[in-house]
Amino acid sequence: MRILHIISTLNPAAGGPIEGVRTLFSYADEGYIGEAVTSDPPDAPYLQNLPYPVHALGPVRATFAYNKRLLPWLRDNIHRFDGVIVNGLWQYNGLAAMLAVRGRKPYMVFSHGMLDPYFKRRYRLKHLKKVLYWYPVEYWVLRSAYRVLFTTDTEERLAQESFAFWKWRPQVVPYGIRAPQTDPAKDIATFLELVPQVRGKRFLIYLSRVHPKKGCDLLLQAFADLSATDPDLQLVMAGPDETGWVPELNAIAERAGCADRVHWPGILRGPAKWGAFRAAEAFILPSHQENFGIAVAEALAAGLPVLLSDKVNIGDMLADQGCTLIEADTLEGTRRLLERWIAMDPGDRLKMSEQAAECFRSRFDMLETAQTIMALFRQAHLEGRGR
């Protein structure tokens, strides 16, 4: 089945949705033949030598990512595909898909957490702008879609709280990653070349964007507050610094006298990323809002216990799996996560690792996602749905 993904960028630095698309495209042998159309510049280095077609129509810098090339391209090419997936909301991509695709082929929208009411509470001015876009455009994009895809029951439920009027056909689909195919020892060696300071030491890994939404300040403050209770424990803060926040965050550790135990390697990809997961004691994410958290699934794939805030939606799926600790997305809650981990018996930590690996195998292999999406498009064609 040939499926087109419309997504603004395939830049890996942009986060989990990009990794999800790339993973889905790796299942060509299972029948998931993917192509992507993006607003990236054609010469972007991250688009070179990819094993699947990417139609880069950018660069684009307009409001709502308006791309005058997208609608004509879709109208000329939609006949080649069995279905279309729009990744994300609040951009021209959805409107272009609705105008070009509706009535010709079924399309679905992957919300990727962009209907979470957290944004309504946290960014009120931005939400007002979204309201102005919602009623004339985004409401109809979602209403016209064959399905609106969510990754957890919690995400699907919360999405109903963002706007007074909504109507769509929801579908909760399994989500995750493809299990790592690399050699663990080589992965760890690659990671330690980048962060040699943690060689032979115990450490926790944070791996996500360095952004206020992710609770990085809570994590640094909690680690600083508790650093004396476990002087051997290190913290690796891996991810892109989108707002230039790292110096301010690192100052928290400096004031507590533990800056030499906090490490900032930037973005980790490929073997280095898997090496970080394989070498760490646990993964920690005290986020204020997290639709799914692809890094959580990656940590589980590496057999890593996960320490999460109660605003990471995937947590509801893990609460009874024996592989996670969950606390509130507050400074007190983040301290409690660290306190519970530090106080835990090594044997109990080992059991959590074993449960993490089993949880991934049973619930978060991305192959099931690919199969579910293909099944939905087959169903749409049987129903004669071009919308």
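Please treat every number below as a calculation from the coordinates, not as lab data. If you're wondering where the values come from, they're calculated on a predicted model, not measured in any experiment. Glycine gets a Cβ as well: all are built from the backbone with ideal geometry, and neighbour counts include every protein chain shown.
A cut-off under 11 angstrom between Cβ atoms defines the neighbours of LYS201, and their net charge, with Lys, Arg +1 and Asp, Glu -1, is +1. Most tightly packed first, judged by the mean number of other beta-carbon atoms within 10 Å of their residues, the peptides 209-215, 226-232, 103-109 read 103-109, 209-215, 226-232. Rounded to whole numbers, the Karplus 3J(HN,Hα) couplings from phi for the stretch 259-271 are 4, 6, 9, 10, 10, 10, x, x, 6, 10, 10, x, x Hz, using 6.51 cos²θ - 1.76 cosθ + 1.60 with θ = phi - 60°, and x at Gly and Pro. Panel order for ASP329, ASP320, by other beta carbons found within 10 Å of each beta carbon, from fewest to most: ASP320, ASP329. Shown for PHE25, PHE223: other C-beta atoms within 10 Å of each C-beta, ranked fewest to most, produce the order PHE25, PHE223. Arranged from fewest to most other beta-carbon atoms within 10 Å of their beta carbon, LYS273, LYS167 become LYS167, LYS273.
In 5 Å bins starting at 0, how do the alpha-carbon pair distances of the stretch 184-363 split up by percent? Once binned at 5 Å, the Cα pair distances of the stretch 184-363 give 1, 9, 19, 23, 23, 17, 7, 1, 0. Looking at the square roots a ≥ b ≥ c of the eigenvalues of the Cα gyration tensor of the stretch 94-211, which shape do they give, rounded for a/c under 1.5, prolate if a/b is larger than b/c, or oblate? Here the stretch 94-211 falls in the prolate category. Below 27 Å, Cα to Cα, which lysines can LYS68 reach? Residues fewer than 8 away in the same chain don't count. By straight Cα distance, LYS68 reaches LYS105, LYS126, LYS129, LYS130.
Quickly estimate the mean residue ellipticity at 222 nm for the chain, helices only: each DSSP H run with n ≥ 4 gives -39500 (n - 2.57), and the total goes over all residues, rounded to 500. Please list the in-between numbers first.
Working: 16 runs with 157 residues, N = 387.
The per-residue figure over the chain is -12000 deg cm²/dmol.
Of interest is the spacing of the C-alpha centroids, which for the stretch 130-203 and the stretch 248-274 amounts to 24 Å.
With each label modelled as a point 7 angstrom along the Cα→C-beta vector, the ALA179-ALA164 pair spans 5.1 nm. Each label was represented as a point 7 Å from its Cα along the Cα-to-Cβ direction; for ARG80 and GLU35 these points are 0.2 nm apart.
Measuring r between the beta carbons of GLN48 and ASN250 and using R0 = 22 Å, the FRET efficiency lands at 0.05. The C-alpha atoms of the chain define a longest principal axis, and helix 367-382 lies at about 20 degrees to it.
Remark: spin-label model distance GLN197-ASN11 equals 2.7 nm, labels positioned 7 Å along the Cα→Cβ axis. The charge dipole of the chain, taken about its Cα centre with unit charges on the Cβ of Lys, Arg, Asp and Glu (plus for the first two, minus for the last two), comes to roughly 1760 debye. Springs between Cα atoms under 10 Å define the GNM used for the chain, and in it the highest mean-square fluctuation of ASN67, ASN291, ASN49 occurs at ASN49. Between GLY257, GLY200, GLY266, the GNM of the chain built on Cα springs shorter than 10 angstrom shows GLY200 fluctuating the most. Distance distribution note for the chain: the fraction of Cα pairs above 32 angstrom is 35%. Springs join every pair of Cα atoms under 10 Å in this Gaussian network model of the chain, and among VAL236, VAL84, VAL195 the largest mean-square fluctuation is at VAL195.
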